[in-house]
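*Asks:* Just dropping this structure here.
The values are calculated or read from the model by the stated rules, or taken from the named source; none is laboratory data. Predicted, not measured: the structure shown is a model, and the values here were computed from it. Note: ideal-geometry Cβ built from the backbone for every residue, glycine included; neighbour counts use all protein chains shown. These area figures cover heavy atoms from the full protein model, side chains too; ligands, DNA and RNA do not enter into them. Shrake-Rupley method; radii C 1.70, N 1.55, O 1.52, S 1.80 Å.
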Protein chains: 2
Amino acid sequence: MDLVAVLHALGDPVRLDLVRRMAADGEVPCSPQHLNVPRSTLSNHWRILREAGITSTRPEGKARYMTLRRDDLEARFPGVLETILTAAAPEAAVGATSAGQRQ
Amino acid sequence: MDLVAVLHALGDPVRLDLVRRMAADGEVPCSPQHLNVPRSTLSNHWRILREAGITSTRPEGKARYMTLRRDDLEARFPGVLETILTAAAPEAAVGATSAGQRQ
């Protein structure tokens, strides 16, 4: 695991949303219902997350389910993911609008 | 300040190196001696850091000096920058080579 790769992977609104969703729900399907993102784009996002060591994949039939490698990340980069998840909590989810506050 | 923009800004080896250097030295000149990076590329890196709210700039004659907005970042995203700086500490600096360990 490389810190720059982890930060790069988290530094995108769709990927950060996927990470927050995995943190909240445990497992997330490769094509989550809530995201209006082309499949190929999503596939690329999942690849970047996987290659950074952030996710593991469980295949089930034709579907794949992703989970956050929370313990591995915590062991390698203590506090990094957890403080990011906490900081991300009040942020608007992808697709939602937010009034003011962002600056 | 936007968390995604901050993570994106930190998710690059040159920019993370600049941030670590500011954390260590306080102030860093816009063209640090140690970095063998074209001036225009460096300029772009500083712009991304500034636009993410990570740095402030002090002009002095024709030079500019950058500092980390450490307190502002801590107030807005508690623990995020500090845990990243701690996690980055054992990582090799830009240009240095490292044996094993990175995976």
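*Asks:* Shape call for chain B from the C-alpha gyration tensor, a ≥ b ≥ c root eigenvalues: rounded (a/c under 1.5), prolate (a/b greater than b/c) or oblate?
*Replies:* Oblate is the answer for chain B, as a/c is 1.5 or above yet b/c matches or exceeds a/b.
*Asks:* Rolling a 1.4 angstrom probe over the protein heavy atoms, how many square angstrom per residue are accessible across the range B:3-93? Display every interim value, and only then the final one.
*Replies:* Numbers: 4450 Å² over 91 residues.
With the other protein chains kept in place, the range B:3-93 gives 49 Å² per residue.
*Asks:* Under the Karplus relation 6.51 cos²θ - 1.76 cosθ + 1.60, θ = phi - 60°, what is the ordered set of whole-Hz ³J(HN,Hα) values for the range A:16-24, x standing for Gly and Pro?
*Replies:* Taking θ as phi minus 60°, the curve returns 5, 5, 4, 5, 4, 5, 5, 4, 7 Hz for the range A:16-24.
*Asks:* Right, something else. Once you've got the GNM for chain A with C-alpha springs shorter than 10 Å, pick whichever of A:Glu27, A:Glu51, A:Glu60 has the biggest mean-square fluctuation.
*Replies:* In the Gaussian network model the winner is A:Glu60.
*Asks:* Label B:Asn36 and B:Thr67 with points 7 Å out from Cα along Cα→Cβ: what is the distance between them in nm?
*Replies:* 3.3
*Asks:* Right, another one. At 222 nm, what helix-only mean residue ellipticity would chain A give, in deg cm²/dmol to the nearest 500, using -39500 (n - 2.57) for each DSSP H run of four or more?
*Replies:* So the calculated ellipticity at 222 nm is -14000 deg cm²/dmol.
*Asks:* Explain nothing, just the number: relative contact order of the range B:3-76, from Cα pairs under 8 Å at least 6 residues apart, as a whole percent.
*Replies:* About 34 percent, as a whole number.
*Asks:* Could you check which residue among A:Ser40, A:Ser31, A:Ser56 shows the biggest mean-square fluctuation in a GNM of chain A with a 10 Å Cα cutoff?
*Replies:* Among A:Ser40, A:Ser31, A:Ser56, the largest mean-square fluctuation in the Gaussian network model of chain A belongs to A:Ser40.
*Asks:* A follow-up question, please. Rounded to the nearest percent, how much of the accessible area of the range A:3-93 (1.4 Å probe, protein heavy atoms only) is carbon and sulfur?
*Replies:* Numbers: 2220 of 4450 Å².
Of the solvent-accessible surface of the range A:3-93, carbon and sulfur hold 50 percent.
*Asks:* When the Karplus curve 6.51 cos²θ - 1.76 cosθ + 1.60 is applied with θ = phi - 60°, which whole-Hz ³J(HN,Hα) does each residue of the range A:35-51 get, with x for Gly and Pro?
*Replies:* 9, 9, 10, x, 3, 5, 5, 4, 4, 5, 4, 4, 4, 4, 5, 5, 5
*Asks:* Note every residue of the range B:1-26 with a reduction of at least 10 square angstrom in accessible area, all protein chains present versus the isolated chain, computed with a 1.4 Å probe, or write none.
*Replies:* B:Met1, B:Asp2, B:Leu3, B:Val4, B:Leu7, B:His8, B:Leu10, B:Gly11, B:Pro13, B:Leu16
*Asks:* Given the options B:Ala63, B:Ala24, B:Ala88, which has the most mean-square fluctuation in a GNM of chain B, springs set between C-alpha atoms less than 10 angstrom apart?
*Replies:* B:Ala63
*Asks:* Let me ask something additional. So how much accessible surface do B and A hide from each other in total, probe 1.4 Å, in square angstrom to the nearest 100?
*Replies:* For chain B against chain A, roughly 1900 Å² becomes buried.
*Asks:* So, taking all protein chains as they sit and a 1.4 Å probe, how much accessible area belongs to B:Trp46, in Å² rounded to tens?
*Replies:* 10
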